[in-house]
Amino acid sequence: MLKWLDERLGAGHWARKGLKKVFPDHWAFLLGEVALFCFVVLVATGVYLTLFFRPDATPVIYDGPYRALRGQEMSAAYESVLRLSFEVRAGLLMRQIHHWAALIFVASIVVHAMRVFFTGAFRKPREINWLVGVSLLIFAIGMGFTGYSLPDDLLSGTGLRIAYSVMLSIPFIGPYITFLVFGGEFPTEGIISRLFVMHVMLLPALVIGLITVHLGILWRQKHAQFRGPGRTEGNVVGKAFWPSQVFKSTGLMLLVAAVLAALGGLVQINGVWAYGPFDPTAVSGPAQPDWYVGWLEGGLRLFPAWEWTLFGVTIPSAFVPGVVIPGLVFTILALWPFIEQRITKDYEVHNLLDRPRDVPWRTAVGTAGFLYMGLLTIAGGNDVLALTFNIPVEGITWFLRVALLVVPVVGGMIAYRVCKELQVGGDHPLRRRRGTVLRRTTSGGFEEVH
Amino acid sequence: MLSLVLWAAGASVAPAQEPDPAEGRELYIDSCASCHGAEGEGAEHGPSLVGVGAASVDFYLRTGRMPLANESQQAVKKEPAFDDAQIESLVAYVSSLGEGPPIPEVDTATAELSAGQELFRDNCSACHGAAGAGGAVGSNAFAPSLLETDPVQIAEATIVGPGQMPKFAFEEEALNDLVGYVTYLQDVPEPGGEDIGRVGPVAEGFVAWVAGMGALIAISMFVGRKRERSPAEPDQA
């Protein structure tokens, strides 16, 4: 059989080489695979959902089993999500697994990107793959937001309205862009079907294409690896793809699916029936987007209500936090390999990874960026925090405004110090023995044991 | 036999005496007059109670919001300071001071859930949250959770508008539907499993990171752990 294939495809040489591909041995290299397997689960559950979801804004009267909405007018899209949740066999389970998988898909991309950043894995020759990765992050967020908006419930409709307003705030071209995207003034009939096409066709196609490129480049360039005995810039030390890595990855895939299925089966997520159908005159609180859009929401909540007039055009206060800041964040993120090259003047090929402590200034910058994004995300939930901890929401907002300017700087400085100390101390921070050992001397005094 | 005992027990409590405004007045002087004035006319620390109506008094006393310890803070739900009979006589006394809305009658069994849902979505969910779990309103005020409140008190609050809350002038039937929906929310089946606070994406994101991503990082460390006993001959490429 294999011979038959080999004679026709000539794949033997290629396959033999592929099976012997060496994978370096470190758990952090599995984080990207976690993201990949989340995506596999997303496609599988998403196909099931597509069988029942109707991307249709036509008003219908609900007549299903959920009593609290019976007799109400709603879009066919929302009605189909209710049917999917209450009447379709395993529909709610699939919806919940899909939603948890989406949240964790973006989370695992972020953790994977942090691994790549803090170990300097983006350096020459891997700059292209870093760009592909940043694009994947952006498209993953896009898939998440379009998916979150599809059920046409009150909460997601509020999110769409915010997205509409942010687009509209772009000076000069905002109105044209919003009409292009939404097909009219919000709320539009056509937006659900447009989002649907984005969510199930364009974005997944882009993501699958880019994942292929991402892995293809990885295959071609070989893995980067941590420093260690026998490891040089010119080799890769680890286990072969077959059998070691194949079994590891298969096990990991099954475990990822298990975690997502457990969450989907045990923990309720996005109970859209409680929000009710979208109604442009109503809004429910607390209104938040999914976590990966939380930092954009946080920016809108923290930024002061400043409006400028430029050449007779008003620039609404949503423009800076909604468009400028995210634009800068993704630009800096995407260009980081080139920015760092400019700073270090290091144009060499690097196949050996840094430990975070090896390049303290990069670790400090990364920590600061992480804290900045984290604080913005927290700000996106300021009203929930206010209620949970019983503190006034204005207090949280002011605290976070100040913290946003101070905490990243201080955190970056602390990270720098810690790196420097680790360079001297040597041990891994988690394995280091804490404190000092004292010995009692015969005379009753104490001395330190080194 | 049992019914006789019950009848006897009922009889001993039941002589359904009208609550006594005079008794209410005594309680009023003891516990309320220092802020609301000797005749309910209001004073430096408390508003006038003339014409607030039975609904208002019943709401504030049964949810323990009055007496209030610190007038600069929003009144919160706590154990009522008075027993049923005392509350009834206080209600009788204060409502004798002037005309006001009576305690509304609700029967959640006859409520139209869907009509109530619509009213709730349009009027209540902006502050109390889509699932009635409560929300922050700003300027140190918050809309409390409705998930532990008795139906009559929900109806009272709707027409009285305690604290920062607006008053709502619903028809009797609409009010009943609304209260019916809120009571439904209190006992709503959660078909999707564990409900995580019913505050939406903030709690979901937290669970996704801590439980989901946390578990997957732990799993990655487990799957990718270095095995000490495996042969130390690395493959090279």
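Some observations on this one:
- Candidates A:Phe319, A:Phe86, A:Phe389: whichever shows maximal mean-square fluctuation once chain A is modelled as a Gaussian network with Cα springs under 10 Å: A:Phe389
- Point-charge dipole on Cβ atoms (K/R +1, D/E -1) for segment A:293-450, about Cα centre, debye to 20: 640 debye
- Cross-link partners for A:Lys20 among the aspartates and glutamates, with Cα-Cα distance under 12 Å and sequence neighbours closer than 8 places in the same chain left out: B:Asp235.
- Highest GNM mean-square fluctuation among A:Trp273, A:Trp308, A:Trp130, for chain A modelled with Cα contacts below 10 Å: A:Trp308.
- By the Kirkwood approach, averaging reciprocal distances over each pair of separate Cα atoms, segment A:154-203 gets a hydrodynamic radius of 11.3 Å.
- Selected from B:Gly192, B:Gly132, B:Gly37 as most flexible by GNM, with chain B as the system and alpha-carbon contacts under 10 Å: B:Gly192
- In terms of overall dimensions, the protein assembly as shown has a Cα radius of gyration and Dmax of 31.5, 106 angstrom.
- For chain B, the longest principal axis of the alpha carbon atoms and the long axis of helix B:2-13 meet at an angle near 60°.
- When segment A:327-450 is described by a simple charge dipole with +1 on each Lys and Arg Cβ and -1 on each Asp and Glu Cβ, the residue from A:Val384, A:Met413, A:Gly366 located farthest towards its positive end is A:Met413.
- Mean separation of Cα contacts under 8 Å, 6 or more apart, over the residue count of segment A:21-281: relative contact order %: 33 percent
- Mean Cα-pair separation over length for segment A:267-421, i.e. relative contact order, pairs under 8 Å, 6 or more apart, %: 31 percent
- Qualifying GluC sites (Glu not before Pro) for segment B:109-215 [loop in DSSP, other Cβ within 10 Å: at most 11]: B:Glu148, B:Glu171
- For chain B, radius of gyration divided by Kirkwood radius, i.e. Rg to Rh on alpha-carbons: 1.22
- Segment B:21-95 - Kirkwood radius from inverse mean 1/r over Cα pairs (Å): 12.1 Å
- In a simple Cβ point-charge model (Lys, Arg +1; Asp, Glu -1; nothing else charged), segment A:21-281 has a dipole of about 1320 debye relative to its Cα centre.
- Which of B:Gly224, B:Leu178, B:His128, positive extreme of dipole for chain B (C-beta unit charges): B:Gly224
- The Cα-based radius of gyration of segment B:113-186, divided by its Kirkwood radius, gives an Rg/Rh of 0.93.
- With contacts taken as Cα pairs under 8 Å and at least 6 residues apart, chain B reaches a relative contact order of 17 percent.
- Selection from B:Tyr60, B:Gly192, B:Leu113, by position along the positive dipole direction of chain B (Cβ): B:Gly192
- Taking amide hydrogens as placed 1.01 Å from N in the peptide plane, the amide H of B:Val137 sits under 5 Å from those of B:Phe142, B:Ala143, each at least 5 positions away in sequence or on another chain.
- Semi-axes of the equivalent ellipsoid for segment A:21-281, computed as √(5λ) from the eigenvalues of its C-alpha gyration tensor and ordered from largest down, come to 40, 23, 13 Å.
- Among the listed pairs A:Lys21/A:Lys420; A:Lys17/B:Lys226; A:Lys248/A:Lys345; A:Lys17/A:Lys345; A:Lys124/A:Lys420; A:Lys17/A:Lys420, a Cα-Cα separation exceeding 32 Å is found for A:Lys21/A:Lys420; A:Lys248/A:Lys345; A:Lys17/A:Lys345; A:Lys17/A:Lys420.
- Antiparallel content of DSSP bridges confined to chain A, in %, to 5: 85 percent
- Student exercise, segment A:12-171 dipole from Lys, Arg, Asp, Glu Cβ charges, in Debye to nearest 20: 860 debye
- For peptide A:100-111, the mean count of partner chain Cβ atoms within 10 Å of a residue's Cβ comes to 4.
- Semi-axes of the equivalent ellipsoid of segment A:88-130 are 35, 9, 4 Å, computed as sqrt(5λ) over the eigenvalues of the C-alpha gyration tensor in descending order.
- With semi-axes defined as the square roots of five times the eigenvalues of the C-alpha gyration tensor, the equivalent ellipsoid of segment A:343-450 measures 37, 28, 11 Å, largest first.
- Its DSSP H runs of at least 4 residues, each contributing -39,500 (n - 2.57), put the calculated 222 nm mean residue ellipticity of chain B at -13000 deg cm²/dmol, to the nearest 500.
- Screening chain A for whole DSSP H helices of 20 Å or more along their axis (Cα) with average Kyte-Doolittle hydropathy at least 0.5 returns A:31-50, A:91-118, A:127-149, A:154-168, A:203-221, A:246-266, A:325-344, A:360-379, A:393-425.
- Mean residue ellipticity, 222 nm, helices only, chain A: the sum of -39500 (n - 2.57) across DSSP H runs of n ≥ 4, divided by residue count and rounded to 500, is -19500 deg cm²/dmol.
- Shape class for segment A:92-169, computed from the alpha carbon gyration tensor (a ≥ b ≥ c): oblate, with a/c not under 1.5 and a/b at or below b/c.
- A 1.4 Å probe over all protein chains sorts A:Met373, A:Met1 by accessible area into A:Met1, A:Met373, starting with the largest.
The values are calculated or read from the model by the stated rules, or taken from the named source; none is laboratory data. Note that the coordinates shown come from a computational prediction; the quantities given were computed from them, not determined experimentally. Glycine also receives a Cβ, built like all others from the backbone with ideal geometry; neighbour counts cover every protein chain displayed. These area figures cover heavy atoms from the full protein model, side chains too; ligands, DNA and RNA do not enter into them. Shrake-Rupley method; radii C 1.70, N 1.55, O 1.52, S 1.80 Å.
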